[in-house]
Structure formats: C-alpha cells, structure tokens
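**Q** The structure's right below; bear with me while I get my questions together.
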Amino acid sequence: MRAEKPERWHIGVIGGSGLAGGIALDEAQEISVSSPFGAPSGPVVTGHLEGVRFTFIARHGAGHAIPPSSVNYRANVDVLKRCGVTDVLALSAVGSLREAMAPGEFVAVDQFIDRTAGRQGSFFGPGLVAHVSLADPVCPRLSGQVSRAVQEADARVHEGGCYVAIDGPQFSTRAESRLYRAWDCDVIGMTAMPEARLAREAELPYALLAMVTDYDSWREGEEGVDAEQVRHVMHANVDRAREAVRRLAAMLPPTREPSPIDFALDGAVFTAPSARNDALVARLDAVACRLFGERD
Ligand SMILES: CSC[C@H]1O[C@H](OP(=O)(O)O)[C@H](O)[C@@H]1O
Ligand SMILES: Nc1ncnc2[nH]cnc12
C-alpha cells in the first residue's frame, strides 16, 4: 500500500461550457498524458496559480467539440490522478430549478440525482468489484473553500444544492423540468455524473461549482431555455468563475491535511485476490495506486 497523499495541494480543474479556453496559469505547460481508459477530452495544461499547482482539462475538448454523453469521464479523471492531482474542482453551466437561484449566480452543489444512462460510470468491473460510499459525493472542505472564493470574487453563491444530471444534449421538456422540481432538485446539467462517481473511486475529493445560466423550462408563461440564452449568460460570467478559482488558490492553507476521501477505497474491494482480473488491476495503477501500487 502506498503512503498517504502528499501534503501539498494540487488542484485539478475540469472546465465546462465556456471554459474551453482554460484558466490563466503561471508557467503553463501543455502536457501529454495517456490513460488506459482512452483519450481524455483534450489537452492537459499544468501550471501554478498563486503558488499552488493546478492542472486543467476542458471537459468538452478544444473548441467544445465533445457532447456530454461522449465525454470520456474515466480518462479525464484517470489523467488528473496520474498527474498527481489531490483534489478536483469541476466547473459547470447549469439550469436553475429554483426561483432563488438566479442566472448569473453560483451554486456549490452537494448532492446529485443521476438520470444519465449508458455512460461508463465506474473504473471497476468484472474481476474487480468495488463499492465506494457516495452518500456525500462532494468534499465539504473543498466545496466550502470554493464558496468563500466565489464570495471574495463578489458573486453570489448558494451553499448546497441538488444537481440532476440528464443525458441531453437536448434541454428538458416542461414536464421533465417540473418533475425534477418536484424531486427537490435545485439545478440541472448534463455532465456531473458520472464525473463525481469516478472522482470518488479515484479517491479524489470533488467539488462542483455550478454557474446558473437559465431557469430551464418550468416557469409558467415563459419561453423555455434555449442555447442563445445560455451562451449569453455564460459569457457574461465566465471571468467570475476564473476569478473564483484564483481566489481559491490564494486562500488554500499552505499544508493540505488528509481528507477521509483520500481513503475512499479502504474496504471497498470485494473481489478475492485469487479471483481478480490482472489486466483490470493493471489499468487501475493510477486510480487505485494506494491499494495496488504503480506499474513499473
Ligand atoms: C452549453 S448548455 C449545455 C451544456 O452546458 C453544461 O456543460 P458543462 O457541465 O460541461 O458546463 C451542461 O451540462 C451541458 O453539457
Ligand atoms: N437548462 C439546462 N439543462 C441542462 N443543462 C444545462 N446547462 C445549462 N443550462 C442547462
């Protein structure tokens, strides 16, 4: 078993809609990292912000070419882990299902309902069965720090909110939008699942900063959401998201104390050593390096 995580922060940022251009990092370097789970969404850029190491991936690739259900979520998370990332901050555009969560505001999401289907939702599989806890899918420490960073960036943030993940790429019908409100969901998007599940399997504390771009399609007597509206609000606010990331870097304590999520795989693997699929174990050399060690 490998030693505990390093004491230095290394934040992996997965940038969503509006963030294909990345975040401005000092000494930024584009690096090529391959993954046994296939190609990540696009170039991986690593550098520093306020002296803290950051590594960035654009979720939809350069120029936003990859639709939500075609994102290789496993490769993205695996590559971040391979780069030595300690914590993941995901940035996403979302629709609001609550009057109080207005376009232009941010939500530090803390729960999910997953309505996606057919996406690769686990690093594990036949020959290596693991069940991690997902009761609290977001890291409260990172999410709290991110909320404070948004406030410092002079933007409004709602601390906590349930995100319903849909496949898309179409927006929801009015009936679906009303249904998700009845389920007590607060915001809607197309990408946080399975991303959050995979981060947990990779023992990476995950926080999701959602930027509200629209009211989806539940409001009586109003037009439903359309892409033009989303694009407009997104472009008006994306620099605030970048500023929040910079503020986060500036406020992180110099030493990273361990998180319980760093040990999410402890006790999670059910498959007996004699029944394990060696090829699958080998593919987990980054994700589960603490359990199985790294490849030579
Ligand atoms: C551009 S509107 C729909 C699109 O935006 C969100 O993407 P992301 O989460 O990567 O910011 C949403 O999930 C959809 O993929
Ligand atoms: N209304 C909406 N539904 C799904 N994803 C979105 N991303 C931004 N707005 C959205």
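The values are calculated or read from the model by the stated rules, or taken from the named source; none is laboratory data. In this text the structure is predicted, and so the values were computed from the model without any measurement. Positions of Cβ are backbone-derived with ideal geometry, glycine not excepted, and every protein chain shown enters the neighbour counts. The protein model used for the area step is the full one, side chains on, heavy atoms only, and it has no ligands, DNA or RNA in it. Shrake-Rupley method; radii C 1.70, N 1.55, O 1.52, S 1.80 Å.
**Q** Once each part is reduced to its C-alpha centroid, what is the distance from region 132-198 to region 225-284 in angstrom?
**A** After rounding, the separation between the Cα centres reads 13 Å.
**Q** Just subtract the alpha-carbon distance of Trp183 and His235 from 0.36 nm times their residue separation and send over the number in nm, one decimal.
**A** Length gained between Trp183 and His235: 15.7 nm.
**Q** Still on this structure, I have one more. How big is region 128-238 by Rg and Dmax over its Cα atoms, in Å?
**A** Rg, Dmax (Cα atoms, Å): 15.7, 51.
**Q** Let me ask something else. Only four residue types carry charge here, +1 at the Cβ of Lys and Arg and -1 at the Cβ of Asp and Glu. Report the dipole size of region 10-292 about the Cα centre in Debye, rounded to the nearest 20.
**A** Using only the charged Cβ atoms, the result is roughly 560 debye.
**Q** Two decimals is fine: what's Rg over Rh for region 217-257, C-alpha atoms, Kirkwood radius as Rh? Each step should come with its number before you reach the end.
**A** Working: Rg = 17.1 Å, Rh = 13.1 Å.
Rg/Rh: 1.30.
**Q** Continuing with this model, one more query. Taking H placed 1.01 Å from N in the peptide plane, check which residues at least 5 places from Asp87 or on another chain put their amide H under 5 Å from its amide H.
**A** His10, Gly12
**Q** Compute the acute angle (0 to 90°) between the alpha-carbon long axis of helix 192-201 and the principal axis of greatest extent of the alpha-carbon atoms of the chain; round to the nearest 10°.
**A** 20 degrees
**Q** Residue farthest toward the positive end of the dipole of the chain, with Cβ of Lys/Arg at +1 and Asp/Glu at -1: which of Pro68, Met251, Val146?
**A** The one lying farthest along the dipole's positive direction is Pro68.
**Q** On to the next question. In whole Hz, with x marking every Gly and Pro, tabulate ³J(HN,Hα) for region 67-83 from phi via Karplus 6.51 cos²θ - 1.76 cosθ + 1.60, θ = phi - 60°.
**A** Calculated HN-Hα couplings, in order: x, x, 7, 9, 5, 8, 4, 5, 5, 4, 5, 4, 5, 4, 4, 4, 6 Hz.
**Q** Roughly speaking, what is the stretch gain from Ala227 to Gln170, that is 0.36 nm per residue apart minus the C-alpha to C-alpha distance, in nm to one decimal?
**A** Net length gain for the segment: 19.5 nm.
**Q** Continuing with this model, one more query. Apply the Karplus parameterisation 6.51 cos²θ - 1.76 cosθ + 1.60, with θ equal to phi minus 60°, to every residue of region 8-22 and state each ³J(HN,Hα) to the nearest whole Hz, in sequence, with x for glycine and proline.
**A** With the stated coefficients, region 8-22 comes to 9, 6, 9, 8, x, 10, 9, x, x, 3, x, 10, 4, x, x Hz.
**Q** Which FRET efficiency, nearest 0.05, do Phe270 and Gln120 yield, Cβ-Cβ r, R0 25 Å? Walk me through the numbers on the way to the answer.
**A** Numbers: r = 20 Å, r/R0 = 0.79.
Step by step, r from the Cβ atoms, then E = 0.80.
**Q** Here's a follow-up. Calculate the spin-label point distance for Val129 paired with Asn277, positioning each point 7 Å from the Cα along the beta-carbon direction, and give it in nanometres.
**A** Going from the Asn277 label point to the Val129 one covers 1.3 nm.
**Q** Helix 227-251 versus the longest principal axis of the chain: what is the Cα-based angle in degrees, 0 to 90, to the nearest 10?
**A** 50 degrees
**Q** Treating the angle as unsigned and between 0 and 90°, give the value, to the nearest 10°, between the Cα long axis of helix 140-152 and the longest Cα principal axis of the chain.
**A** Helix 140-152 sits at roughly 40 degrees to that axis.
**Q** Pop out the carbon and sulfur fraction of the accessible area of region 1-73 as a percent, whole number, probe 1.4 Å.
**A** 49 percent
**Q** Return the equivalent ellipsoid semi-axes of the chain as a descending list in whole Å, where each equals the square root of 5 times an eigenvalue of the C-alpha gyration tensor.
**A** The three semi-axes for the chain are 30, 22, 17 Å.
**Q** Hey, another quick one. How much length, in nm to one decimal, is gained on full extension between Ala39 and Ala62, taken as 0.36 nm per residue of separation minus their Cα-Cα distance?
**A** Full extension from Ala39 to Ala62 adds 7.0 nm.
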